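Q: Let me give you the structure first, and then I'll get to my questions.
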Amino acid sequence: MFNATVWMNPKVNKDNKYNELLSNAIEREGIRVKDFSKNNIWKIKSKDIVHFHWIAGYYQSNNRISMLIRSLKLLLFLNLLRLRGIKIVWTVHNVYPHEYKWKNIEKIIRKMFIQKCNKLFVASVSIKQTVIDEFKVNPSKIEVILHGHYKNAYPIQNVDYRRKYSIPSDKIVFLFVGAIREYKNVSQLLEAFTKLDRPNVHLIIAGKVFDDMRLIAETFPKRNDITYDLRFIPDNELADLINISEYIVLPYKNITTSGTAILSVSLRKKIIVPDTSFMKEYFSSDVSIMYDEDNLEGLFNALKKCSLQKSENAISEKAYISFLQKLDWKVIGKRMKKIYSEI
């Protein structure tokens, strides 16, 4: 019987529902899950588990010396936990952070962090292999835990964004939503959409522009068939925005997981995505339109295909149920309980 406490770091993430849903699924299996913070370090007992998610904030700095000092502090803290009989696990959401200055230093720090962990979690088989190859990890140390669905996770306010953005009801709407960063490939999407030049389509670009895209964003094409809402889209608007769209377009490059893709299909909307290993593991052709990420015309051809078939964009009941069952939080919670108890 598992009697320890899991200290989730963090239990709730204001920018992502994932941690809250994961914690809830684990708690439904009878496990105590508490939020980890510096204030409760001495409340953590032997055999408890500290579950990390995003670790870059503990060691990154714009100065190498500062980064070295912060990294040493982190490793000393992990040693302290281990000396007290506390278990350490890490969900590797990203092999490397979205932003970093020195990849060789990042690799060393993350490899040393992994060495201190009792178990690693990843969201797909492809990510597991990448972690094994990049950090020379024993495969038995890594568990694949699928990212759960987002059905009913985000509130629906029934706001009509077509009316808000003055988009005619007969238009096929393509939506990009999320942080606008270089790796999200928004520039390529705009280029492909502009080239499409069809009267029956409209593109929405919604999300906060980050520093690596600020200058590029100033050159985004100004057209009547493109709407820009360049701000952070809060949780209470996400579902309504996705629901007024026919297709959610996520042309990411160098991506490990995509919560936005999972959210979109959870809201029964088809996604247009590159045929990466992660995407192929999670999304069947019944819920997605995939294109060859190495083909320069791939995204354009996918948009063109979808612009010709508005009536065929619906996800069938059978495909939707299959998707939800695959990413069932109840199954995930039971699996997490089993793994925790075996550490």
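Residues are listed down the side, and each one gets a yes or a no for (1) more than 30 Å from N104 (Cα to Cα); (2) among the polar types (S, T, N, Q); (3) assigned by TED's automatic domain parsing to the domain that holds E20; (4) under 15 Å from the mean Cα position of the chain (by Cα):
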position	(1), (2), (3), (4)
I142	no, no, yes, no
S169	yes, yes, no, no
I172	yes, no, no, no
R181	no, no, no, yes
K184	no, no, no, yes
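Q: Here is a follow-up. Would you point out which residue out of W90, W102 is in contact with a Leu (Cβ under 7 Å, 6 or more places away or on another chain) and either outside the structural domain of R181 (by TED's automatic domain parsing) or closer than 23 Å to V125 by Cα (or both)?
A: That would be W90, the only listed residue that is in contact with a Leu (Cβ under 7 Å, 6 or more places away or on another chain) and either outside the structural domain of R181 (by TED's automatic domain parsing) or closer than 23 Å to V125 by Cα (or both).
Q: Still on this model: Among K128, K151, K103, K107, which is out of contact with any Lys or Arg (no Cβ under 7 Å at 6 or more places or on another chain), modelled with pLDDT under 95 and of a type in the set (K, R)? Outline the logic, then answer.
A: Values: K128 fails: modelled with pLDDT under 95; K151 fails: modelled with pLDDT under 95; K107 fails: modelled with pLDDT under 95.
None of the other options fit; the residue is K103.
Q: I'd like the full set of residues that are more than 27 Å from L263 (Cβ to Cβ) and part of a loop (DSSP other than H, G, I, E, B), limited to region 134-153.
A: K136, V137, N138
Q: Would you check which residues across region 68-118 are more than 28 Å from H147 (Cβ to Cβ), in contact with a helix residue (DSSP H, G or I) (Cβ under 9 Å, 6 or more places away or on another chain) and assigned to a loop (DSSP other than H, G, I, E, B) and list them?
A: If the condition is that a residue be more than 28 Å from H147 (Cβ to Cβ), in contact with a helix residue (DSSP H, G or I) (Cβ under 9 Å, 6 or more places away or on another chain) and assigned to a loop (DSSP other than H, G, I, E, B), then K101, W102 are the ones that fit.
Q: Would you be able to say whether some residue in region 249-266 is modelled with pLDDT of 90 or more, among the aliphatic types (A, V, I, L, M), surrounded by fewer than 21 Cβ atoms within 10 Å (Cβ to Cβ) and not assigned by TED's automatic domain parsing to the domain that holds V122?
A: The answer is no, given that none of the residues of region 249-266 is modelled with pLDDT of 90 or more, among the aliphatic types (A, V, I, L, M), surrounded by fewer than 21 Cβ atoms within 10 Å (Cβ to Cβ) and not assigned by TED's automatic domain parsing to the domain that holds V122.
Q: Please determine whether any residue of region 25-47 is at pLDDT 95 or above, closer than 28 Å to T260 by Cβ and small (G, A, S).
A: Taking every residue of region 25-47 in turn, at least one turns out to be at pLDDT 95 or above, closer than 28 Å to T260 by Cβ and small (G, A, S).
Q: List the number of the failed condition for K101; all other conditions in (1) surrounded by 14 or more Cβ atoms within 10 Å (Cβ to Cβ); (2) out of contact with any Asp or Glu (no Cβ under 7 Å at 6 or more places or on another chain); (3) within 26 Å of K128 (Cα to Cα) hold.
A: (1)
Q: Looking at region 289-309, I want the residues that are among the aromatic types (F, W, Y) and have a partner that is surrounded by 17 or more Cβ atoms within 10 Å (Cβ to Cβ) and in a strand (DSSP E or B) with Cβ atoms under 7 Å, at least 6 apart or on another chain. Which pairs are those?
A: Within 7 Å, the pairs are Y291/P274.
Q: Further, regarding this structure: Got a sec? Which strands (runs of 3 or more DSSP E) wholly within region 154-247 have at least 3 residues that are under 18 Å from S264 (Cβ atoms)?
A: 172-177, 201-206
Q: I would also like to ask the following. Check off (1) surrounded by 21 or more Cβ atoms within 10 Å (Cβ to Cβ); (2) modelled with pLDDT of 95 or more; (3) among the hydrophobic types (A, V, I, L, M, F, W, C) for F278 and give me the number that stays unchecked.
A: Status for F278: all satisfied but (2).
Q: Something else about it: Output the residues belonging to region 222-244 that are closer than 13 Å to G178 by Cβ, in contact (Cβ under 8 Å) with a residue 60 or more places away in the chain and either among the β-branched types (V, I, T) or exposed (fewer than 13 other Cβ atoms within 10 Å of the Cβ) (or both).
A: Residue satisfying the conditions is I242 alone.
Q: Would you pick out the residues in region 119-133 that are surrounded by 15 or more Cβ atoms within 10 Å (Cβ to Cβ) and not in a loop (DSSP other than H, G, I, E, B)?
A: Scanning region 119-133 gives K119, L120, F121, V122, S126, I127, K128, T130, V131, I132.
Q: Same structure again: Identify the single condition in (1) in the same structural domain as P251 (by TED's automatic domain parsing); (2) over 21 Å from P274 (Cα atoms) that N301 does not satisfy, given that it satisfies every other one.
A: Here N301 clears every test but (2).
Q: Quick test of your reading of the structure: K17 fulfils all but one of (1) at pLDDT 95 or above; (2) closer than 18 Å to H147 by Cβ; (3) basic (K, R). Name the failing condition by number.
A: (1)
Q: Let me ask another. Being surrounded by fewer than 19 Cβ atoms within 10 Å (Cβ to Cβ), on the phi > 0 side of the Ramachandran plot, modelled with pLDDT of 95 or more and touching a Ser or Thr at 6+ places or on another chain (Cβ under 9 Å), is that true of even one residue in region 78-85?
A: yes
Q: Then there is this: Check K337, K253 and return the single one that is in contact (Cβ under 8 Å) with a residue 60 or more places away in the chain, under 25 Å from E99 (Cα atoms) and basic (K, R). Break it down into steps so the answer makes sense when it comes.
A: On the way: K337 fails: under 25 Å from E99 (Cα atoms).
So the residue among K337, K253 that is in contact (Cβ under 8 Å) with a residue 60 or more places away in the chain, under 25 Å from E99 (Cα atoms) and basic (K, R) is K253.
Q: Could you list, in sequence order, the residues of region 30-59 that are surrounded by 13 or more Cβ atoms within 10 Å (Cβ to Cβ) and either among the β-branched types (V, I, T) or part of a helix (DSSP H, G or I) (or both)?
A: I31, V33, I41, I44, I49, V50, I55, A56, Y58, Y59
The values are calculated or read from the model by the stated rules, or taken from the named source; none is laboratory data. All values reported here derive from a predicted model rather than from experimental measurement. Positions of Cβ are backbone-derived with ideal geometry, glycine not excepted, and every protein chain shown enters the neighbour counts.
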